[in-house]
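J.: Supplied in structure tokens, the structure appears directly below.
The values are calculated or read from the model by the stated rules, or taken from the named source; none is laboratory data. It should be emphasised that the depicted structure is a prediction, and the values quoted were computed from it without experimental measurement. Using ideal geometry, Cβ is built from the backbone for each residue, glycine included, and neighbour counts are taken over all protein chains shown.
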Amino acid sequence: MAEFVDADNAEAIIARIEHKSQKIESLLKRSKPVEALKTALEGSPPNTRDERCKSANWIVVHRALMTIKDVDGMFSSLDPEYYDILMKYLYRGLSTGDRPTCDQCLRIHEKLTERAGLGCILRALADTTNTV
Amino acid sequence: MAAISIHRFAQCITCHAWSPDQSMVALCPNSSEVHIYKMGEEEWERVHILQKHDQIVSGIDWSSMSNRIVTVSHDRNSYVWNQEGTEWVPTLVILRLNRAALCVQWSPKENKFAVGSGAKTVCVCYYEQDNNWWVSKVIRKKHESSVTSVAWHPNNILLATTSTDGKCRVFSTFIKGVDSRDAAQPSSAESRFGEQIIQLDLSTSWAFGVRWSPSGNTLAYVGHNSMIYFVDEVGPSPLAQSVALRDLPLRDVLFVAERIVIGVGYDCNPMVFAADDTGIWSFVRFLGERKITSSNTKYGSQLSGAFGKLYAQSTKYGPGNDISDLSKLNVNAHTNCISCIQPLKEQGKAAVSQFSTSGMDGRLVLWDLENQLDLSEYICLFF
């Protein structure tokens, strides 16, 4: 029974992520990459242990993350409440080993550490419950 | 400077405790011994060595009224030391643990003490007059991992614990024949020994260093994810606040007043937290000196000790800047993780104006809050 509930839940989350994805695409078309990143980070990490949902959400975040050109500009309009979750996704990005993704993540990581401090890194690494 | 005295006693100090009149300090130099030092004319003088444990002593507490020392160790034993003449005489307390004992604290009335252990248990020990023996009662099957810290509520009944399962819990330790019913607060009057009053599930990683405020209304503890938690109205509907740190995690906390907390840990520099008029807790500042040139304030504020050096080396600074910056970063009173903070209590005062810290660098540092002008607005309110 529990599995059914989980599956239903997962479908609902996937639907929500798809909706988010469309919104991001339209924001990117209007060249609002920071708004797109905020949208992607909202409701993250998905409150589930389902790896499919986590991957789907990562794809959406990754899409928005890679469009960021001006990192300093991004931080001037990104509120501190997003820092912790962004850091988690940066580490997910670094774990892919993909060259362009890693380059981008490292660039943002440097600036984010400058702003949010080492505490932010520790919160990203120490959290084994709400993984992204 | 807030640090008024710095002395290096050993390679590493696992824990320390002060004698009732604060003329002597008992500390464990990362060995199976406890050394007691007395402040002589000029220097600290070693006056006693307590040798009985087989492994590292992980906890020491010195009772202020009865002048008894309790020690716990990784060897799974606990001793209560009584001073008879010039000697300290140990009494073994059987804890029946199968893992290391990690922390210990006397209850406010000093008729009980609590030991947290790696066996996922808390032992509450009390003296049995008839048998001339310390008896241990165990709180079992409540913790899912090691108990890292214990803290007594001023009412002598409630005990808060933190554990590496990330949770902070509050238990009743009412023991028939030791505690009287009327001593307990109304909320805990009904509870039996070992009953869990509350479980706080705020941290996502290891929890350390729990303490009650002087009134017992607020609870503070830290998480290894660089967070500090403040809990008001501990009971059926607690009010919790989490404060995320910019810097490395904390290991231990101390309430110096009802609304001021000092946190110590991996940043090697005590942090001051305070609650404003509306009860919102926030980070105020570091207590130790930190002379940083204005050009790198952004980095400087997060750097310290060895980690700072590492970070500074990998960061591109202007030429010639590095050496002066590094030397300035090393003026910290502590050069490694601070693992223990103890108040220096003045008789009849709830607030603490002096305290001591010790850590992995083997230093014992005394701090004074009195001449901290910017903190005086918080301190005036409470001293």
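J.: Is region B:24-31 home to any residue that is out of contact with any Phe, Trp or Tyr (no Cβ under 8 Å at 6 or more places or on another chain) and under 16 Å from B:GLN342 (Cα atoms)? It would help to see each step written out before you state the result.
T.: Filtering region B:24-31 for residues out of contact with any Phe, Trp or Tyr (no Cβ under 8 Å at 6 or more places or on another chain) gives B:28, B:30-31.
From what is left, the residues that are under 16 Å from B:GLN342 (Cα atoms) are B:28.
Yes - at least one qualifying residue is present in region B:24-31.
J.: Do you know which residues across region B:261-275 are under 17 Å from B:ALA351 (Cα atoms) and either buried (at least 24 other Cβ atoms within 10 Å of the Cβ) or in contact with a Ser or Thr (Cβ under 9 Å, 6 or more places away or on another chain) (or both)?
T.: Once the filter is applied, which keeps residues that are under 17 Å from B:ALA351 (Cα atoms) and either buried (at least 24 other Cβ atoms within 10 Å of the Cβ) or in contact with a Ser or Thr (Cβ under 9 Å, 6 or more places away or on another chain) (or both), region B:261-275 yields B:VAL261, B:ILE262, B:GLY263, B:PHE273, B:ALA274, B:ALA275.
J.: Tell me, which helices (runs of 4 or more DSSP H) lie completely within region A:22-91 with 3 or more residues that are among the aliphatic types (A, V, I, L, M) and out of contact with any His (no Cβ under 6 Å at 6 or more places or on another chain)?
T.: Working: elements: A:33-41, A:51-66, A:71-77.
Output list reads A:33-41, A:51-66.
J.: Something else about it: If you check B:SER205 against the conditions, is it modelled with pLDDT of 90 or more, over 18 Å from the mean Cα position of the chain (by Cα), within 14 Å of chain A (Cβ to nearest Cβ) and under 23 Å from B:GLY263 (Cα atoms)? Before the answer, list the steps.
T.: Details: modelled with pLDDT of 90 or more: yes; over 18 Å from the mean Cα position of the chain (by Cα): yes; within 14 Å of chain A (Cβ to nearest Cβ): yes; under 23 Å from B:GLY263 (Cα atoms): yes.
Here the answer is yes, as B:SER205 does meet what is asked.
J.: Quick one: count up the residues across region B:63-82 that are touching a Ser or Thr at 6+ places or on another chain (Cβ under 9 Å) and either basic (Lys, Arg) or crowded, with 23+ Cβ neighbours inside 10 Å (or both).
T.: The number of residues fulfilling the criteria is 8.
J.: Scan region B:111-143 for residues that are surrounded by fewer than 18 Cβ atoms within 10 Å (Cβ to Cβ) and either within 20 Å of the chain's Cα centre (by Cα) or more than 24 Å from B:SER163 (Cα to Cα) (or both) and jot them down.
T.: Those that are surrounded by fewer than 18 Cβ atoms within 10 Å (Cβ to Cβ) and either within 20 Å of the chain's Cα centre (by Cα) or more than 24 Å from B:SER163 (Cα to Cα) (or both): B:ASN111, B:GLU128, B:GLN129, B:ASP130, B:ASN131, B:ASN132, B:TRP133.
J.: Now for a separate question. Do we find that B:HIS16 is in a loop (DSSP other than H, G, I, E, B) and modelled with pLDDT of 95 or more in this structure? Give the derivation first.
T.: Values: in a loop (DSSP other than H, G, I, E, B): no; modelled with pLDDT of 95 or more: yes.
Against the criterion (in a loop (DSSP other than H, G, I, E, B) and modelled with pLDDT of 95 or more), B:HIS16 does not qualify.
J.: Which residue out of B:GLU33, B:GLU42 is modelled with pLDDT under 95 and among the acidic types (Asp, Glu)?
T.: From the options B:GLU33, B:GLU42, the qualifying one is B:GLU42.
J.: What tally of residues in region B:129-159 results from selecting those that are among the polar types (S, T, N, Q), touching a residue at least 24 places away in the same chain (Cβ under 8 Å) and within 16 Å of B:ASN111 (Cα to Cα)? Quick ask: steps written out before the conclusion?
T.: Taking region B:129-159 first, the residues among the polar types (S, T, N, Q) are B:129, B:131-132, B:136, B:145-146, B:148-149, B:155-156.
Among the residues that remain, those that are also touching a residue at least 24 places away in the same chain (Cβ under 8 Å) are: B:136, B:145-146, B:148-149, B:155-156.
Narrowing further to those that are within 16 Å of B:ASN111 (Cα to Cα): B:136, B:155-156.
Final tally of qualifying residues: 3.
J.: Scanning for something surrounded by 18 or more Cβ atoms within 10 Å (Cβ to Cβ), within 23 Å of A:ASN130 (Cα to Cα) and more than 14 Å from every other protein chain (Cβ to nearest Cβ), does region B:174-194 turn up at least one residue?
T.: No; the residues of region B:174-194 include none that is surrounded by 18 or more Cβ atoms within 10 Å (Cβ to Cβ), within 23 Å of A:ASN130 (Cα to Cα) and more than 14 Å from every other protein chain (Cβ to nearest Cβ).
J.: Please enumerate the residues belonging to region B:238-255 that are touching a residue at least 60 places away in the same chain (Cβ under 8 Å) and out of contact with any Ser or Thr (no Cβ under 7 Å at 6 or more places or on another chain).
T.: Selection gives B:VAL253, B:LEU254.
J.: Among the residues of region B:221-245, how many are more than 10 Å from chain A (Cβ to nearest Cβ) and assigned to a loop (DSSP other than H, G, I, E, B)?
T.: Residues meeting the conditions: 6.
J.: Those residues that are more than 8 Å from chain B (Cβ to nearest Cβ) and in contact with a Ser or Thr (Cβ under 7 Å, 6 or more places away or on another chain), I need them from region A:104-132; list them, please.
T.: Within region A:104-132, A:ILE121, A:VAL132 meet the criteria.
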